[in-house]
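K.L.:
Sharing a structure, written as structure tokens. Questions coming.
The values are calculated or read from the model by the stated rules, or taken from the named source; none is laboratory data. If you're wondering where the values come from, they're calculated on a predicted model, not measured in any experiment. Note that we place each Cβ from the backbone using ideal geometry, even for glycine, and neighbour counts take in every protein chain shown.
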């Protein structure tokens with residue numbers, strides 16, 4: 001029998017948490033290593049050239065997020081998740097054997113498709129299972145698992161790269177994640193679309209919207225959804241900066257690869273684990289103020305990164321950046337779940353994640369161009385200002401979407 005709620009669906013929900021951790025691990029395999037490969041193996045010196053892999057990943061993932069939502073409604077959640085894992089199979093092999101930078105970019109196109117299909121679908125499936133009361137907790141657990149795995153894998157690949165070289169050891173870990181994720185999906189994951197249909201029966205109005213109307217509603221017309229979409233984009237704009245330029249900033253400042261690996265792992269570690277607190281907190285306190293505070297905290301942390309020049313200060317700044325992101329990430333997804341009708345919620349999640357992950361591409365372009373023209377620290381300053389401005393937009397435009405936060 002189909003029922004809603006975390007307790008009633010604990011086994012399947014826990015399995016999906018584990019699957020999303022593997023999705024995050026696949027992303028984390030290249031976080032430390034690719035910027036160093038670009039400089040040391042492929043002799044890329046321009047930051048815009050180095051960031052082409054982030055651009056390719058961001059554009060592909062953003063577009064795939066949209067289709068993940070529409071396909072999940074049309075064909076079901078599990079088939080979309082399965083295709084996402086199949087697409088990931090060549091990625092670690094291409095990273096290991098790439099003879100030129102073009103192969104790296106192509107691998108990140110496939111990685112973007114993988115992440116768009118798998119991560120979006122696990123989000124949708126957990127929202128389906130959790131029901132309306134514990135949506136923040138559900139998103140906190142989902143995103144915590146994914147980004148804790150990013151952090152652990154980033155630290156592990158930094159260690160492997162320092163001990164065994166940039167290739168192939170770090171990417172063998174990613175290959176193992178893909179094999180395990182595919183096996184769990186094929187044999188143990190169950191379809192959750194009926195849970196969304198069950199919840200939809202309790203909503204008398206709001207179900208009849210076309211795909212075009214959902215895009216416009218989520219992107220521009222609805223205040224909370226549109227504020228969430230722009231905040232999500234800016235959040236991943238600064239994550240695109242972190243992926244592409246933080247390792248170079250830290251190493252060129254004289255830090256070892258090991259110390260760089262620790263710093264680049266601290267940010268997603270705090271981000272990931274912090275969501276175990278911030279997700280359920282948004283169910284108790286509401287969404288809006290947590291998002292506003294998180295965006296402003298990220299802006300302040302980026303400013304500190306631009307100012308700092310020691311491991312200790314950078315460690316403090318990356319912890320702050322992770323804490324600010326933890327306030328924002330699951331809470332924005334909970335806003336989408338609060339406002340969107342169950343019958344088109346998967347598509348709204350897809351539109352939101354299209355905008356959010358488009359931030360990777362925007363971040364690659366903006367930070368790469370600014371870094372080439374005025375230096376790495378200028379790029380960090382620019383993104384800090386954009387992030388703070390985004391927090392102010394949320395403060396002005398978003399209304400409280402959770403009843404407990406509005407009471």
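K.L.:
Name the single residue, out of those in the range 367-393 being within 19 Å of the chain's Cα centre (by Cα) and either farther than 21 Å from residue 308 by Cβ or modelled with pLDDT under 90 (or both), that is surrounded by the fewest Cβ atoms within 10 Å (Cβ to Cβ).
P.N.:
My answer is 391.
K.L.:
Of all residues in the range 335-354, which are farther than 18 Å from residue 138 by Cα and part of a helix (DSSP H, G or I)?
P.N.:
347, 351, 354
K.L.:
Restrict the check to the range 357-375 and report whether at least one residue is part of a helix (DSSP H, G or I), touching a residue at least 12 places away in the same chain (Cβ under 8 Å) and more than 24 Å from residue 57 (Cα to Cα).
P.N.:
Within the range 357-375, not a single residue is part of a helix (DSSP H, G or I), touching a residue at least 12 places away in the same chain (Cβ under 8 Å) and more than 24 Å from residue 57 (Cα to Cα).
K.L.:
Specify the residue that is farthest from residue 104 (Cα to Cα); the eligible residues are those in the range 35-54 that are in contact (Cβ under 8 Å) with a residue 24 or more places away in the chain and part of a loop (DSSP other than H, G, I, E, B).
P.N.:
This residue is 46.
K.L.:
Can you pull out the residues in the range 32-46 that are surrounded by fewer than 17 Cβ atoms within 10 Å (Cβ to Cβ) and within 21 Å of residue 262 (Cβ to Cβ)?
P.N.:
Scanning the range 32-46 gives 39, 40.
K.L.:
Against the condition at pLDDT 95 or above, assigned to a helix (DSSP H, G or I) and under 16 Å from residue 175 (Cα atoms), how does residue 81 come out, does it pass?
P.N.:
No; evaluated as a whole, the condition is false for this residue.
K.L.:
Just to check your reading of the model, which residue among 182, 220 is without any contact (Cβ under 8 Å) to a residue 12 or more places away in the chain, part of a helix (DSSP H, G or I), touching a helix residue (DSSP H, G or I) at 6+ places or on another chain (Cβ under 8 Å) and farther than 30 Å from residue 376 by Cα?
P.N.:
Checking each option against the conditions leaves just 220.
K.L.:
Now a separate question. State which residue is surrounded by the most Cβ atoms within 10 Å (Cβ to Cβ) when the search covers only the range 223-262 and only residues that are touching a residue at least 24 places away in the same chain (Cβ under 8 Å) and part of a loop (DSSP other than H, G, I, E, B).
P.N.:
The extreme case among them is 255.
K.L.:
Answer yes if at least one residue in the range 57-76 is closer than 21 Å to residue 174 by Cα, in contact (Cβ under 8 Å) with a residue 40 or more places away in the chain and in a loop (DSSP other than H, G, I, E, B), and no otherwise.
P.N.:
Within the range 57-76 (the criterion being closer than 21 Å to residue 174 by Cα, in contact (Cβ under 8 Å) with a residue 40 or more places away in the chain and in a loop (DSSP other than H, G, I, E, B)), the answer is no, since none of the residues qualifies.
K.L.:
For the structure I just gave you, tell me whether residue 75 is crowded, with 24+ Cβ neighbours inside 10 Å and either touching a helix residue (DSSP H, G or I) at 6+ places or on another chain (Cβ under 6 Å) or farther than 26 Å from residue 235 by Cβ (or both).
P.N.:
Answer is no for this residue.
K.L.:
Could you tell me which residue of the range 108-154 is surrounded by the fewest Cβ atoms within 10 Å (Cβ to Cβ), considering only residues that are more than 18 Å from the chain's Cα centre (by Cα) and assigned to a helix (DSSP H, G or I)?
P.N.:
Ranking the candidates gives 129 first.
K.L.:
In a helix (DSSP H, G or I) and surrounded by 24 or more Cβ atoms within 10 Å (Cβ to Cβ): which single residue out of 332, 320 fits that description?
P.N.:
Result: 332 is the single residue among 332, 320 that is in a helix (DSSP H, G or I) and surrounded by 24 or more Cβ atoms within 10 Å (Cβ to Cβ).
K.L.:
Could we say that residue 171 is out of contact with any strand residue (DSSP E or B) (no Cβ under 9 Å at 6 or more places or on another chain), surrounded by fewer than 18 Cβ atoms within 10 Å (Cβ to Cβ) and at pLDDT 90 or above here?
P.N.:
Considered against the rule, which asks whether it is out of contact with any strand residue (DSSP E or B) (no Cβ under 9 Å at 6 or more places or on another chain), surrounded by fewer than 18 Cβ atoms within 10 Å (Cβ to Cβ) and at pLDDT 90 or above, residue 171 comes out as no.
K.L.:
Do we have any residue at all in the range 86-107 that's part of a helix (DSSP H, G or I), without any contact (Cβ under 8 Å) to a residue 12 or more places away in the chain and in contact with a helix residue (DSSP H, G or I) (Cβ under 7 Å, 6 or more places away or on another chain)?
P.N.:
Taking every residue of the range 86-107 in turn, at least one turns out to be part of a helix (DSSP H, G or I), without any contact (Cβ under 8 Å) to a residue 12 or more places away in the chain and in contact with a helix residue (DSSP H, G or I) (Cβ under 7 Å, 6 or more places away or on another chain).
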